[in-house]
Amino acid sequence: MARRMARHGNDAISAVDRLLNSRDRHLRLAATMVLSHVSHPRAVAGLIHALGDEDNLVRLQAAVGLGQYKTRQARNALLSAFPDRLPSISIALLRSMENMITPEMVQALQAMDGQQLAPRVRAEMERILARYRIKDQRQRTQSSSAISPPLATAPWLRRLPGGLCVGRAIRGLEKTVAAVLSWRLPAARIIEVNEGSVCFSLNKGDMPQLVQVRSLQSVSLRLERSPSVRLTEDEELIEIMSEFAHTKGLQSLLITGDMTAVDGRMLGHRLRLRSARPPGYAHTLRIHVTEHEVFVEFLSPVDYPTIRDLAPLSRPLASCLAALSVTGAEDVFCDPFCEDGTVVIERALLGPWAQAYGYALSDSRLPTAQEAWRVLAPLSENPVESVRFGGWQQGRLPLEDKSVDAMASVLNRETLLMLDRRHPAEISRVLRPGGRTIFLLADDTDLVEQLQEHGLKKCQQITVGEPPLGQIVVLTK
């Protein structure tokens, strides 16, 4: 009967919700059984309430029912209720948590004193944690050995009509982004460079090649609209957005700008997309509406081929750093303070080089850098063996004098604390005359002054980011 009643969804929840406070334990149990079978988000609050019931069967039913809701609210409730005074309910809580387990939940379970748990509860928890470790290791292996397919073959990019595009850029690096765009995509016509954006024009057939410009954070297509026609009635624009969204596999819609909530819901209905809450997620169509234009985001940060261990912002930032350092296609490139190898990889994806090196003060992240390069190397014009990763050797770089043409590196606070006067001397030693080095400095430091003492000249300084991420300093020898 509970299953049959649960088919009524939201109406069933309204009908049984008040019974959760009944004095009759059978009515409370019946209400909890209905909520367990409804599969509706509104049922979560009632099931959480039932987790605190004095009756054992009610708590057991609530623990089982919450396992189907993979929400933060359900996770927190299950974790707070564990362990229960009855081992059978504790095991039910564990099995429901396994359906939605996160690294944070794993840490919380591992931190518990297992000696205070019943033996069968402790054994069940150990089995669940062991299965999680196996699953997590398998996912890590799959994510490190597989990357997104090259976007140049994506059908949704080939269907874009071409025209005016607006690329979002890191503040302070707009001119660098425009230079990379012209370099990597000669067919692009730069129209305007503004604060935080680059406006350019591109023909339809060249749209798929935009993936090569990794210094762009995201790219939107700018479509003109008539102010006298409601966007929900503009058949041409709706057809373009609908074809793009469904070819790409988007599922939700996020609208900003000049549009009422009513028109937004109507547009979502016409595009067959549900409304998304900011900032949306990977399968969200984001559009910005003005009186004369509609901006449709078609390249978002998650669209660029990368791997899980590299942060989204590191791609455009590292690409700009690498672009500022390039002196030619026969460069010998070096990142003297590489962490996860991002700068080396982005330099490789910009174009050919003669050789590249990545050195780290600590060896802990070198395996990540090596694996990231192995995975992403096929997307570059450079062979896998053209990069060597390693560590500093007693304060020295294992390179010959004047053997490096270009350097670029991100110096975070932890790295800056590890530097001493030997490091700028080594950088000057291995850099050839006329070579250049680019550093992103997170804090004020005397590194630049020390490099100048060793013969380098500061020729440019850029404050990047909003809020500021740090200072990019360009030096030449």
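The values are calculated or read from the model by the stated rules, or taken from the named source; none is laboratory data. Computed from a predicted model, the values in this text were never measured in an experiment. Glycine gets a Cβ as well: all are built from the backbone with ideal geometry, and neighbour counts include every protein chain shown.
Condition check: surrounded by fewer than 22 Cβ atoms within 10 Å (Cβ to Cβ), assigned by TED's automatic domain parsing to the domain that holds Arg133, free of Cβ contacts under 8 Å to residues at least 40 places away in the same chain and not in a loop (DSSP other than H, G, I, E, B). Does Ala108 satisfy that?
Yes.
Condition check ((1) in contact (Cβ under 8 Å) with a residue 60 or more places away in the chain; (2) closer than 23 Å to Val198 by Cβ) across all residues:
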{"position": "Leu321", "(1), (2)": "yes, yes"}
{"position": "Ala329", "(1), (2)": "no, no"}
{"position": "Glu339", "(1), (2)": "yes, no"}
{"position": "Trp353", "(1), (2)": "no, no"}
{"position": "Tyr357", "(1), (2)": "no, no"}
{"position": "Asp363", "(1), (2)": "no, no"}
### Summary
Conditions (1) assigned to a loop (DSSP other than H, G, I, E, B); (2) aliphatic (A, V, I, L, M); (3) touching an Asp or Glu at 6+ places or on another chain (Cβ under 9 Å) -> Leu250 fails only (3)
### Message
Return the residues of region 308-329 that are modelled with pLDDT of 85 or more and charged (D, E, K, R); say none if nothing qualifies.
### Response
Arg315
### Task
Have a look at Asp55, Asp24, Asp11 and point out the one that is surrounded by fewer than 14 Cβ atoms within 10 Å (Cβ to Cβ), over 20 Å from Ile101 (Cβ atoms) and modelled with pLDDT of 90 or more.
Asp24
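Which residues, taken from region 268-294, are within 18 Å of Thr247 (Cα to Cα) and outside any loop (DSSP other than H, G, I, E, B)? Spell out the reasoning first.
Pass one, region 268-294, residues within 18 Å of Thr247 (Cα to Cα): 268-274, 281-287.
Across region 268-294, the qualifying residues are Gly268, His269, Arg270, Leu271, Arg274, Thr284, Leu285, Arg286, Ile287.
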### Message
Please go through region 217-241 and give me each residue that is buried (at least 17 other Cβ atoms within 10 Å of the Cβ), under 25 Å from Gly167 (Cβ atoms) and out of contact with any strand residue (DSSP E or B) (no Cβ under 8 Å at 6 or more places or on another chain), ordered by number.
### Response
Asp234
### Query
Tally time: how many residues in region 280-304 are at pLDDT below 90, aromatic (Phe, Trp, Tyr) and farther than 10 Å from Ser252 by Cα?
1
### Query
How many residues, within region 408-460, are closer than 20 Å to Gly172 by Cβ and assigned to a strand (DSSP E or B)?
13
#### Entry: Condition met for Gly390 (part of a strand (DSSP E or B) and without any contact (Cβ under 8 Å) to a residue 40 or more places away in the chain)
yes
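Within region 242-276, how many residues are touching a Pro at 6+ places or on another chain (Cβ under 7 Å) and either of a type in the set (D, E, K, R) or surrounded by fewer than 16 Cβ atoms within 10 Å (Cβ to Cβ) (or both)?
Of all residues in region 242-276, those touching a Pro at 6+ places or on another chain (Cβ under 7 Å) come to 247, 254.
With the extra rule that they be either of a type in the set (D, E, K, R) or surrounded by fewer than 16 Cβ atoms within 10 Å (Cβ to Cβ) (or both), the set shrinks to 247.
Residues that pass the stated criteria total 1.
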### Hits in region 360-387 - residues which are among the small types (Gly, Ala, Ser) and either in a strand (DSSP E or B) or closer than 18 Å to Ser314 by Cα (or both)
Ala360, Ala369, Ala372, Ala377, Ser380
### Message
For region 156-187, which positions are in a loop (DSSP other than H, G, I, E, B) and either within 25 Å of the chain's Cα centre (by Cα) or under 18 Å from Cys320 (Cβ atoms) (or both)?
### Response
Leu160, Ala169, Ile170, Arg171, Gly172, Leu173, Leu185
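Return yes or no: is Ala81 at pLDDT below 90, within 30 Å of Gln107 (Cβ to Cβ), of a type in the set (A, V, I, L, M) and within 33 Å of the chain's Cα centre (by Cα)?
Criteria not met by Ala81.
With the structure loaded, tell me whether Pro352 is surrounded by 13 or more Cβ atoms within 10 Å (Cβ to Cβ), of a type outside the set (Val, Ile, Thr) and under 24 Å from Pro305 (Cβ atoms) or whether it fails that test.
On the way: surrounded by 13 or more Cβ atoms within 10 Å (Cβ to Cβ): yes; of a type outside the set (Val, Ile, Thr): yes; under 24 Å from Pro305 (Cβ atoms): yes.
Yes: the conditions hold for Pro352.
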### Query
Which condition number in (1) crowded, with 16+ Cβ neighbours inside 10 Å; (2) in contact (Cβ under 8 Å) with a residue 40 or more places away in the chain; (3) more than 26 Å from the chain's Cα centre (by Cα) is the one that Gln450 fails?
(2)
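Give me a count of the residues in region 188-225 that are assigned to a strand (DSSP E or B), farther than 22 Å from Thr284 by Cα and in contact (Cβ under 8 Å) with a residue 40 or more places away in the chain. If you could, list the steps in order and put the result at the bottom.
Residues of region 188-225 assigned to a strand (DSSP E or B): 189-194, 197-202, 218-224.
Narrowing the set further to residues that are farther than 22 Å from Thr284 by Cα leaves 189-194, 198-202.
Those left that are additionally in contact (Cβ under 8 Å) with a residue 40 or more places away in the chain: 202.
Summing the residues that are assigned to a strand (DSSP E or B), farther than 22 Å from Thr284 by Cα and in contact (Cβ under 8 Å) with a residue 40 or more places away in the chain in region 188-225 gives 1.
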### Query
in contact with a strand residue (DSSP E or B) (Cβ under 8 Å, 6 or more places away or on another chain) and part of a helix (DSSP H, G or I) - does that describe any residue in region 345-353?
yes
### When residues of region 461-477 are limited to those that are part of a strand (DSSP E or B) and touching a residue at least 40 places away in the same chain (Cβ under 8 Å), the one surrounded by the fewest Cβ atoms within 10 Å (Cβ to Cβ)
Thr463
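Please verify whether Gly435 is in contact with a strand residue (DSSP E or B) (Cβ under 6 Å, 6 or more places away or on another chain), surrounded by 16 or more Cβ atoms within 10 Å (Cβ to Cβ), of a type in the set (Gly, Ala, Ser) and in contact (Cβ under 8 Å) with a residue 60 or more places away in the chain, treating the condition exactly as stated. Full working, then the answer.
On the way: in contact with a strand residue (DSSP E or B) (Cβ under 6 Å, 6 or more places away or on another chain): yes; surrounded by 16 or more Cβ atoms within 10 Å (Cβ to Cβ): yes; of a type in the set (Gly, Ala, Ser): yes; in contact (Cβ under 8 Å) with a residue 60 or more places away in the chain: yes.
Considered against the rule, which asks whether it is in contact with a strand residue (DSSP E or B) (Cβ under 6 Å, 6 or more places away or on another chain), surrounded by 16 or more Cβ atoms within 10 Å (Cβ to Cβ), of a type in the set (Gly, Ala, Ser) and in contact (Cβ under 8 Å) with a residue 60 or more places away in the chain, Gly435 comes out as yes.
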